[in-house]
1. Among Leu51, Met71, Thr101, which residue has its Cα furthest toward the positive end of the charge dipole of the stretch 41-124, with +1 on Lys/Arg Cβ and -1 on Asp/Glu Cβ?
2. Kindly provide the GluC sites (Glu not before Pro) of the stretch 36-139 that DSSP labels as loop, not H, G, I, E or B, and whose Cβ sees at most 11 other Cβ atoms within 10 Å.
3. Can you compute the charge dipole magnitude of the stretch 43-98 about its Cα centre, using +1 on each Lys and Arg Cβ and -1 on each Asp and Glu Cβ, nothing else charged? Give it in debye, rounded to the nearest 20.
4. Obtain the nm distance between the two label points defined at Glu4 and Asp63 by a simple spin-label model: each point lies 7 Å from its Cα along the Cα-to-C-beta direction.
5. Note the angle between two axes, namely the Cα long axis of helix 3-19 and the longest principal axis of the Cα atoms of the chain, as a number of degrees from 0 to 90, rounded to the nearest 10.
6. Charges at C-beta only: +1 for Lys and Arg, -1 for Asp and Glu. How large is the resulting dipole of the stretch 67-135 about its Cα centre, in Debye rounded to 20?
7. What are the lysines whose alpha-carbon lies under 18 Å from the alpha-carbon of Lys77, with same-chain residues fewer than 8 places away excluded?
8. Ignoring any ligand, DNA or RNA, what whole percent of the accessible area of the chain comes from carbon and sulfur when the probe is 1.4 angstrom?
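The values are calculated or read from the model by the stated rules, or taken from the named source; none is laboratory data. Being a predicted model, the structure only gives us computed values, none of them experimental. Positions of Cβ are generated from backbone atoms using ideal geometry, with glycine treated the same way; all protein chains shown enter the neighbour counts. SASA here: full protein model, heavy atoms, side chains in, ligands and nucleic acids out. Shrake-Rupley method; radii C 1.70, N 1.55, O 1.52, S 1.80 Å.
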Amino acid sequence: MTIENNKQIMNRFVEFINTANEQLATELISPDAIFYLPGQSEPMRGPNGYLAIIGMMRSGFPDIQWTLEEMVTEEAKVAARYIMRGTHQGTFLGVPPTGKTIQVKSMAFYRFSGNQFVEEHGLPDMLSLLQQIGAIPAP
């Protein structure tokens with residue numbers, strides 16, 4: 001895989017996570033893909049697993065959008081840094097809607113096979129997110 005190919009895949013992926021488009025999910029996510037999330041003992045799997053991750057975020061932040069700030073790519077691996085932005089309009093992790101806007105940093109490490117994602121380790125700054133919606137006190 002080339003660096004340019006990885007960049008193209010990542011741009012399509014950002015389109016996918018910002019739209020939750022099922023066709024893009026099937027195109028970009030391997031049926032055997034594994035996605036590791038903080039605080040979850042079992043990984044999510046395949047296109048439906050990733051759509052569930054996006055659905056969980058959209059349940060609390062219906063307007064959430066991810067901006068890809070930076071990526072480093074090498075062969076079949078990519079490290080990416082994002083900023084997530086949205087408005088807390090639904091219950092999220094038991095916290096009722098506050099109407100507050102969030103801006104949260106996130107990092108993720110991906111592995112590809114062919115032109116599909118087969119693994120992700122996602123690392124959103126959940127402490128900052130929970131502080132911004134008032135679930136825990138800010139320093």
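1. In the stretch 41-124, that residue is Thr101.
2. Details: sites: Glu69, Glu70, Glu74, Glu75, Glu119, Glu120; in loops: Glu75.
Those that pass, being in a loop and sparsely packed, are Glu75.
3. Dipole magnitude for the stretch 43-98 comes out near 220 debye.
4. 3.8 nm
5. Long axis of 3-19 versus the principal axis of the chain: about 40 degrees.
6. Numbers: 6 positive and 7 negative charges, 60 e Å.
For this selection, approximately 280 debye.
7. Lys7
8. 53 percent
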